[in-house]
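A short write-up of the structure that comes next.
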Amino acid sequence: MRTWLPLVIVVALISAGLWFTESPPEQLLGKRPTQQEHNRAADLIIRDARTRHYNIDGDLAYEVDAERITFFRFARRDRADLTEPRMMFYQGEDTKWRTESRKGIAYNNGQRVVLQGDVSVSELPQPGITLRTPKITLKPREEFAETDKVVTITDGANITTGKGLRADLKQDKVEILSNVESRYETR
């Protein structure tokens, strides 16, 4: 047993040394990227992009189309800037929700997506409800959306507005958080 101890210590020291040289100090210290690093050149630009994302059962969960995706990789995270993004969420083989906006930013391999500029979230097939807001945050894998901005929901001639929203797209549940006003048309 004593003859193995020096060998184990040497292997551990070599492994630690290699790990430290391969890991930038910023990663070890948990520092965020500086503004200069944040504005550096893109790692990848894709025009007319279309990506497909599958759930753990191998079924299509959602698609993302964009006029352009500009991808940046930093020491601790990644970011993708989206131009004219459109997302389509599926439930089984049917399309269930469609989002559109002028721009978006996807963080950490799409775990969180922030859509901005004339955001529209429509239930499919139409006619269904349509949510409109200037900015919304999506968690695509969880099929969850939220915003603290003013939201307008239309369902045919019926209109509801309010401030803040939480939506479970998988369960078709939408909750407006405050200042709710509704106008209903009777037939």
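Every number here is computed from the coordinates shown, using simple stated rules; none is lab data. Values in this document were obtained by computation on a predicted structure and should not be read as measured data. Cβ: placed from backbone, ideal geometry, glycine included. Neighbour counts: every protein chain shown.
The table below lists the values:
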{"item": "Spacing of the two label points (7 Å from each Cα toward its C-beta) at Asp172 and Asp78, in nm", "result": "3.5 nm"}
{"item": "Histogram of C-alpha separations across region 77-143, 10 Å bin width, %", "result": "22, 53, 24, 2"}
{"item": "Extension gain, Tyr54 back to Thr95 (0.36 nm per residue minus Cα-Cα distance, nm)", "result": "13.4 nm"}
{"item": "Violating pairs (Cα-Cα greater than 19 angstrom) within the set Lys139/Lys170; Lys103/Lys149; Lys96/Lys149", "result": "Lys96/Lys149"}
{"item": "Rounded to the nearest 20 debye, dipole of region 41-187 from Cβ charges on Lys, Arg, Asp, Glu", "result": "560 debye"}
{"item": "Charge context of Ile45, other residues only, Cβ under 10 angstrom, K/R +1, D/E -1", "result": "0"}
{"item": "Cα lying deepest toward the dipole's positive end in region 116-174, options Thr152, Pro134, Val121, charges on Cβ", "result": "Pro134"}
